[in-house]
Amino acid sequence: MKEITGTTYYQGGLYTPHAAMIQPAMFVRGVAGGLQSNRVSIFEQSPVTSLARNGETWRAKTIKGSVEAPRVILAVNGHAESFGYFERRLMHVFTCASMTRALTVDEVARLGGAPIWGATPADPMGTTVRRISGVGGDRIVILNRFTYDPSMEVSDGRIASVGRDHDKAFTARFPMLASVEMAHRWGGRLCLSRNDAPAFGEVDEGLFAAVCQNGLGVAKGTLSGMAAAELASGVGGDAAAFLGAEAGPAKLPLEPFSYIGANAFMRWGEMKAGREL
Ligand SMILES: Cc1cc2nc3c(=O)[nH]c(=O)nc-3n(C[C@H](O)[C@H](O)[C@H](O)COP(=O)(O)OP(=O)(O)OC[C@H]3O[C@@H](n4cnc5c(N)ncnc54)[C@H](O)[C@@H]3O)c2cc1C
């Protein structure tokens, strides 16, 4: 573990060969770039404020305009609920990450280990650590803490308090980088279901959902998007058949029981995670 990570914090690990680490922003921009053609338009910064059936088509309205289409794929993660779908079936869980500034040549040498690796904790409530290198330099990314927030919003205070936990996890693992501060902190929504099922399929005539990736957005989200495209274009396919056969997301208990229960479960899990956190 020390040879790979440079730290003596870890006593052991399970190595997964042939794995790849994706820089998510580059991935999303790469996909968008690949879609560029005279038949595809991407509208960024244009939240859809209503989506309603208009005769044979669906009309998605934004503040400045609207788009109509006979078939629409809803890929808005937990916000599917804001459009009136899967109500009381989606768990809006926030998690956060902090990323160090770029390490200097001297700090990289002091850290040692391999330039690129990722350590997923054995305990699901533990800390995920990534060592990245390339665009943006050599950095370490720390991710931990999960909270259930049905409002789909978190306060700045929460981000600050989670940031303190990130710093603790970072210092414990990398005492040789004590002078390295975090350059960025951010949080985001995971959409989970109680039974780990995706929210997928035709939810209304010509309206297809590809949401609720249960925290594995890259793998499950890509599959679910491909399957929704198969369904919407009427070609069918293995992915659509596979996801279509799954049970939908199970109903959640009433509030405040879900809020209290889910957060108590996660805090208990974090306590049990011990030094994995
Ligand atoms: C800190 C953090 C680290 C993570 N690490 C990993 C990881 O290592 N590996 C992994 O697989 N997953 C990871 N995840 C989970 C992953 O990010 C999500 O599962 C994934 O982003 C879900 O993809 P999605 O496209 O379904 O939804 P999102 O990425 O949430 O995209 C939904 C989009 O819909 C848009 N939207 C919502 N409402 C509207 C509206 N009304 N009009 C227009 N647009 C709207 C949003 O702006 C957003 O762009 C991580 C998540 C977080 C927060």
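The values are calculated or read from the model by the stated rules, or taken from the named source; none is laboratory data. In this text the structure is predicted, and so the values were computed from the model without any measurement. Using ideal geometry, Cβ is built from the backbone for each residue, glycine included, and neighbour counts are taken over all protein chains shown.
Tabulated results
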| quantity | calculated |
| --- | --- |
| Residue match in the stretch 216-225 (condition: among the hydrophobic types (A, V, I, L, M, F, W, C) and either over 21 Å from the mean Cα position of the chain (by Cα) or assigned by TED's automatic domain parsing to the domain that holds Arg130 (or both)) | no |
| Qualifying residues in the stretch 172-203 (those that are among the acidic types (Asp, Glu) and more than 16 Å from the ligand (Cβ to nearest atom)) - the one surrounded by the most Cβ atoms within 10 Å (Cβ to Cβ) | Glu202 |
| Test: residue in the stretch 94-115 that is within 13 Å of the ligand (Cβ to nearest atom) and among the charged types (D, E, K, R) | no |
| Pairs where the first residue, in the stretch 37-49, is closer than 13 Å to Ser66 by Cα and the second is near the ligand (Cβ under 9 Å from one of its atoms), C-beta under 7 Å, 6+ apart | Ser46/Thr62; Pro47/Thr62; Val48/Ala60; Val48/Thr62; Thr49/Thr62 |
| Selection within the stretch 67-84 - hydroxyl-bearing (Ser, Thr, Tyr) and either surrounded by 19 or more Cβ atoms within 10 Å (Cβ to Cβ) or away from the ligand (no atom under 15 Å from the Cβ) (or both) | none |
| Inter-residue pairs, beta-carbon under 8 Å, first closer than 19 Å to Val40 by Cβ and in the stretch 52-67, second assigned to a loop (DSSP other than H, G, I, E, B) and among the β-branched types (Val, Ile, Thr), 6+ apart | Ala60/Val48; Thr62/Val48; Thr62/Thr49 |
| Qualifying residue in the stretch 29-42 (condition: under 25 Å from Val129 (Cβ atoms), touching a strand residue (DSSP E or B) at 6+ places or on another chain (Cβ under 6 Å) and not assigned by TED's automatic domain parsing to the domain that holds Thr222) | no |
| Filter result for the condition that a residue is outside any loop (DSSP other than H, G, I, E, B) and without any contact (Cβ under 8 Å) to a residue 60 or more places away in the chain, over Ala80, Ala32 | Ala32 |
| Enumeration of residues in the stretch 1-25 that are part of a helix (DSSP H, G or I) and loosely packed, with under 13 Cβ neighbours inside 10 Å | Lys2, Glu3, Pro24, Ala25 |
| Odd one out for Glu230, checked against (1) touching a residue at least 24 places away in the same chain (Cβ under 8 Å); (2) surrounded by 15 or more Cβ atoms within 10 Å (Cβ to Cβ); (3) more than 16 Å from the ligand (Cβ to nearest atom) | (1) |
